[in-house]
Amino acid sequence: MNRTNPVTERVLIAGAGPVGLVAAANLVRHGVPVTVFESGGDLSMESRASTFHPPTLDMLGELGVVQPLIAQGLIAPKFQYRNRRDGVIAEFDFGDIADQTRHPFRLQCEQSKLTRIIYDRLRGAPDLEIVFSSPVRAVTQNTDSVTVTVERDGRSEAHSYRWLIGADGARSDVRRSLDIEFEGFTWPDRYLVVSTPFDFHSVIPGLATVSYVADPVRWHFLLGIPGLWRVMFRIAPEESDELALSAEFVTALMAEVVPGIDRYQIDHTTLYRVHQRVASTFRKHRAFLIGDAAHVNNPLGGMGMNGGIHDAMNLTERLAAVWRGEKAEAELDRFDLQRRLVTKEYVERQSIQNKRNLEAADNGFRDFLRQTAADPTLRREYLLKVSMIGSLRRAEQLG
Ligand SMILES: Cc1cc2nc3c(=O)[nH]c(=O)nc-3n(C[C@H](O)[C@H](O)[C@H](O)COP(=O)(O)OP(=O)(O)OC[C@H]3O[C@@H](n4cnc5c(N)ncnc54)[C@H](O)[C@@H]3O)c2cc1C
């Protein structure tokens, strides 16, 4: 045991993003004391994930935070695929899997709303401590504890805990310090998100709040959130960042969305580099990786944060049982087995396939969608897959 650092009988979480805070909320619900170190001075307000899938909403229901989230979001019972020539190719309705979830819809709501709701709900809970402006920089371990080096007020401090959960995002210091590979690749193209208060419902008849528009050269998709639409475009490798963010370029892209409309009020534009990477393990002794610290994928299908929340619930259910002495520590290996495998088999594969489908030059994807939408059995299977219920079932099968 490290004599200079008495072990604090708490679980330490690095990162107060949506995934770290869901993990904290579930541990506290099970009576496990938690400390969260967050590098930022406050919760992040960055505009990123905006889609919550049905099983994620079911999990947030267990934490008692789904109703305030629904109150701040848009319920999207249907989603569409379109192309420029045919208009709607296929429409899917989550009502077809209403027997599989308490929330048969996608919720369109920014991830920053979730973190604020959880924070406000947990603040003051005796088992929870959230410390801002405190990045975790290094991790060491022995058989009983894990020691982190934290920067606070310009000084480095060492603290020891029983367990560590790294939920510190894609550039995870925890992952780096544990020397875990982040295997995969970075796409040569980037994505541009343009936010506008323009009311697309008023000019595109029958438009669903979640609509993907396939195109071999320039696909885009439209996602409604309260008061705004987010339109996401692919930016080709040969188009520079400066060009992609220029007002003329953004105006020209937006002019392709609805023929005849070429002026929009633009509230934000953000350009993203997109990666497909999975950590070589999600567990190293007493330390775990969840969320973007463990895996990143392109945002087509909205699976990054959702998969991270599924990691958080899977891990913390097991960790709480181990903490209470109900299960042996070997139980925690199941988290790595289940979540890493479904991330590779399902989230990575599906998000890559979603991208290829949207930019396919032939009619294969269009024909697949039409056939799937027309057949009740295929339609249901497809909905179970895109809602991520399929990935959770696969994880359960792994035992
Ligand atoms: C444009 C875009 C759209 C997206 N849309 C969707 C979508 O619709 N659905 C979806 O599921 N996903 C989507 N994603 C992905 C989603 O945003 C991420 O998967 C999600 O933010 C991951 O949450 P997280 O808590 O793991 O990491 P983060 O949100 O990155 O949070 C990590 C937290 O850790 C903190 N931190 C960092 N380093 C340290 C440190 N050393 N010590 C302590 N704290 C630290 C950070 O300040 C941050 O608060 C989208 C992403 C982008 C870019």
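Nothing in this text is a laboratory measurement; each read-out follows from the coordinates by a stated rule. Here the structure is a predicted model, which is why all the values come from computation and not from measurement. When we count neighbours, we look across all protein chains shown, and the Cβ atoms used for this are built from the backbone with ideal geometry, even at glycine.
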### Task
Using just the helices of the chain, give the 222 nm mean residue ellipticity in deg cm²/dmol: DSSP H runs with n ≥ 4 each add -39,500 (n - 2.57), and the total is spread over all residues, rounded to 500.
-8500 deg cm²/dmol
### Task
Excluding residues fewer than 8 places away in the same chain, name every one of the lysines whose C-alpha is closer than 22 Å to that of residue 284.
327, 344
### Message
Show me, for the stretch 354-365, the HN-Hα J-couplings you get by feeding each phi into the Karplus relation (A = 6.51, B = -1.76, C = 1.60, θ = phi - 60°), rounded to Hz, glycine and proline as x.
### Response
4, 5, 4, 4, 5, 9, 5, 8, 9, 9, x, 5
### Query
Against the longest principal axis of the chain, how steep is helix 111-122, in degrees 0 to 90 to the nearest 10, with axes from Cα atoms?
30
### Task
Label the stretch 1-62 by shape, choosing from rounded, prolate and oblate, from the square roots a ≥ b ≥ c of the eigenvalues of the Cα gyration tensor; if a/c is under 1.5 it is rounded, and otherwise prolate applies when a/b is larger than b/c, oblate when it is not.
oblate
### Query
Taking the chain as a Gaussian network, Cα atoms linked when under 10 Å apart, which of 360, 25, 279 shows the biggest mean-square fluctuation?
360
### GNM top mover of 108, 265, 353 - the chain, alpha-carbon springs below 10 Å
265
### Query
Is the shape of the stretch 210-367 rounded, prolate or oblate, going by the alpha carbon gyration tensor and its root eigenvalues a ≥ b ≥ c, with a/c under 1.5 for rounded and a/b larger than b/c for prolate?
prolate
#### Entry: Mean separation of Cα contacts under 8 Å (6+ apart) over length of the stretch 38-155, as relative contact order %
34
### Query
Setting aside same-chain residues fewer than 8 positions from residue 113, which lysines have a Cα under 28 Å from its Cα?
78, 355, 385
### Query
At what distance in angstrom do the alpha carbon centres of the stretch 1-77 and the stretch 123-176 lie from each other?
15
#### Entry: Highest to lowest packing among 325-331, 251-257, scored as the average C-beta count within 10 Å
251-257, 325-331
